[in-house]
Amino acid sequence: MSKVTKQGYRTILSSPWYLNYVSNPYNQDWKTYYIIEPQDFTGTAEQKALVIGGEACMWGEYVDSVNLIQRLWPRASAVGERLWSSKSVNDVPAATSRLAEHRCRMLRRGIQAEPVTGPGYCP
């Protein structure tokens, strides 16, 4: 990010949010995605202003039509909250309950999202 913005280019961050990689199913890797801050790099305020957002990526090496939706959600939800929230909103335990509630909303709407913290209950 520092090199790109130093040259004056506007940019988005995607490399830490490759959602097709799963390190350990018990690791709750959405937490890793949640704590990433796109402007957390060495650079001036002007350089950081050139970071206009980010994107969650999904590649096909380990994902197909059988596990796409489950792999995508709630990981993409964590990335989304990170990107639309201010830098100071980074409390993983607080995000856990919001993402669990959001997962229940998705399930009610027919989206087969993975559990956020393991088996849970949706009212």
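Some values worked out for this structure:
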| item | result |
| --- | --- |
| The lone exception for Leu107 - which of (1) touching a Gly at 6+ places or on another chain (Cβ under 8 Å); (2) part of a helix (DSSP H, G or I) it fails | (1) |
| Ala100 open to solvent by less than 60 Å² (accessible area, probe 1.4 Å), touching a Phe, Trp or Tyr at 6+ places or on another chain (Cβ under 7 Å) and at pLDDT 90 or above | no |
| Failed criterion for Ser15 (all others in (1) closer than 30 Å to Gln70 by Cα; (2) in contact with a Lys or Arg (Cβ under 9 Å, 6 or more places away or on another chain); (3) not acidic (Asp, Glu) hold) | (2) |
| Total residues in the stretch 6-47, condition open to solvent by 70 Å² or more (accessible area, probe 1.4 Å), part of a loop (DSSP other than H, G, I, E, B) and in contact with a helix residue (DSSP H, G or I) (Cβ under 7 Å, 6 or more places away or on another chain) | 2 |
| Residues located in the stretch 48-84, provided they are open to solvent by 30 Å² or more (accessible area, probe 1.4 Å), without any contact (Cβ under 8 Å) to a residue 40 or more places away in the chain and small (Gly, Ala, Ser) | Ala49, Ser65 |
| Every residue from the stretch 91-123 that is among the polar types (S, T, N, Q) and either within 19 Å of Glu55 (Cβ to Cβ) or free of Cβ contacts under 8 Å to residues at least 12 places away in the same chain (or both) | Ser97 |
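The values are calculated or read from the model by the stated rules, or taken from the named source; none is laboratory data. These figures come from a predicted structure and were not determined experimentally. In this analysis, Cβ positions are derived from the backbone assuming ideal geometry, glycine residues included, and neighbour counts consider all displayed protein chains. These area figures cover heavy atoms from the full protein model, side chains too; ligands, DNA and RNA do not enter into them. Shrake-Rupley method; radii C 1.70, N 1.55, O 1.52, S 1.80 Å.
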